[in-house]
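Participant: One structure, pasted below without further comment.
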Amino acid sequence: MGPPPAPRLPYYPSLGVSDPDGRVLWSTPGAGSTSSSSSSPPALLTNEGNLVVRSPNGTVVWQSFDHPTDTFVPGMKVRLSHLTGEGNRIVSWKSPGDPAAGSFSYGLDPGTSLQLLMWNGTRPYWRTPVWKGYAVASMYLSAGTVLYTAIVDTEEEISIAFTLSGGAAPTRVGFVPMPTMKVPDKFSLDAGNRSAEECAARCAANCSCEAYAYANLQSSSAKGELSRCIVWAGELVDAQMIGPRWGGETLYLRVPVAAASTSPGIETS
């Protein structure tokens, strides 16, 4: 038996760009026509960068996200089939100036499907921690954008994908200092002897953190001083100004920067 047939798009003579009225603005050589046909399969480049070709009845015939190259972009899935053991991989360039396939590749481990591997040729080079079940994780990027990673395991395949916070511009947050406040109820002590700057950064990095205080706490126990970083997630219960006479603390309330641009002493993060 010979090799399997290479993937191809039958009866698709060319690829073109048309305006909303159907006039062809650009096409690959061999189009031989200046107007689009109602039977021609439309190709759409999505906002995520996925080139999708559909049949006249709307079925997806081919999409570029199923054939990744060197870049893992939002909305793309790295897959591994439970039925065949085959999957797709992100493959590095040969060099910064040569887009040919390089030595490194990235994908799901076909041996267990419970971890992601990076290969140097055929030799494992790096791996992620083992995945233990359904999970959705997120992290903050330096630009303030949130990256969400999702792993989905079905009977047919396991896949990993990520998305970025979108649909709205990332919102910068700040903290308005509220001096001489009674420490609200339902607080948590952040573990570790953190500085005031580290305490603020911890709260800013947690979407559930509504406020923090860098309090002057002491303990008479053998454990020594307690953590001075106090954080609140959710509603601030019994928050009120009591004045310095009663040992009030400065409470830093998390607010959008735009909503507190006129507040004196706002600290941004």
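Participant: Could you figure out which of (1) modelled with pLDDT under 85; (2) in a strand (DSSP E or B); (3) not acidic (Asp, Glu) isn't true of Trp119?
Facilitator: Unmet condition: (1).
Participant: Does the stretch 247-263 contain at least one residue that is at pLDDT 75 or above, of a type in the set (A, V, I, L, M, F, W, C) and out of contact with any Asp or Glu (no Cβ under 8 Å at 6 or more places or on another chain)?
Facilitator: yes
Participant: Find the residue count for the stretch 223-240, including only residues that are surrounded by 12 or more Cβ atoms within 10 Å (Cβ to Cβ) and modelled with pLDDT of 70 or more.
Facilitator: 8
Participant: Return the residues of the stretch 91-124 that are closer than 19 Å to Leu80 by Cα and among the aromatic types (Phe, Trp, Tyr); say none if nothing qualifies.
Facilitator: Once the filter is applied, which keeps residues that are closer than 19 Å to Leu80 by Cα and among the aromatic types (Phe, Trp, Tyr), the stretch 91-124 yields Phe104, Tyr106, Trp119.
Participant: Would you please name the residue that is surrounded by the most Cβ atoms within 10 Å (Cβ to Cβ), looking only at residues in the stretch 95-124 that are among the hydrophobic types (A, V, I, L, M, F, W, C) and within 23 Å of Ile158 (Cβ to Cβ)? Give the derivation first.
Facilitator: Let us first name the residues in the stretch 95-124 that are among the hydrophobic types (A, V, I, L, M, F, W, C), namely 100-101, 104, 108, 114, 116-119.
This time we only want the ones that are within 23 Å of Ile158 (Cβ to Cβ), so: 104, 108, 114, 116-119.
On the way: Phe104: 17, Leu108: 25, Leu114: 16, Leu116: 18, Leu117: 18, Met118: 16, Trp119: 18.
Going through the qualifying residues, I end up with Leu108.
Participant: Related question: I'd like to verify a number: residues in the stretch 48-102 that are aromatic (Phe, Trp, Tyr), in a strand (DSSP E or B) and without any contact (Cβ under 8 Å) to a residue 40 or more places away in the chain, how many? Before the answer, list the steps.
Facilitator: Within the stretch 48-102, the subset aromatic (Phe, Trp, Tyr) is 62, 65, 72, 93.
Retained after the next criterion (residues that are in a strand (DSSP E or B)): 62, 93.
In the following step, the residues that additionally are without any contact (Cβ under 8 Å) to a residue 40 or more places away in the chain were identified as 93.
Residues flagged as aromatic (Phe, Trp, Tyr), in a strand (DSSP E or B) and without any contact (Cβ under 8 Å) to a residue 40 or more places away in the chain within the stretch 48-102 amount to 1.
Participant: Further question on the same structure: Filter the stretch 52-94 for residues that are of a type in the set (Phe, Trp, Tyr) and farther than 17 Å from Ile158 by Cβ; which is surrounded by the most Cβ atoms within 10 Å (Cβ to Cβ)?
Facilitator: Applying the first criterion (of a type in the set (Phe, Trp, Tyr)) to the stretch 52-94 yields 62, 65, 72, 93.
Pick out the ones that are also farther than 17 Å from Ile158 by Cβ and you get 62, 93.
On the way: Trp62: 17, Trp93: 15.
For the stretch 52-94, the residue satisfying everything is Trp62.
The values are calculated or read from the model by the stated rules, or taken from the named source; none is laboratory data. Computed from a predicted model, the values in this text were never measured in an experiment. Virtual Cβ from ideal backbone geometry, glycine too; neighbours counted across all protein chains shown.
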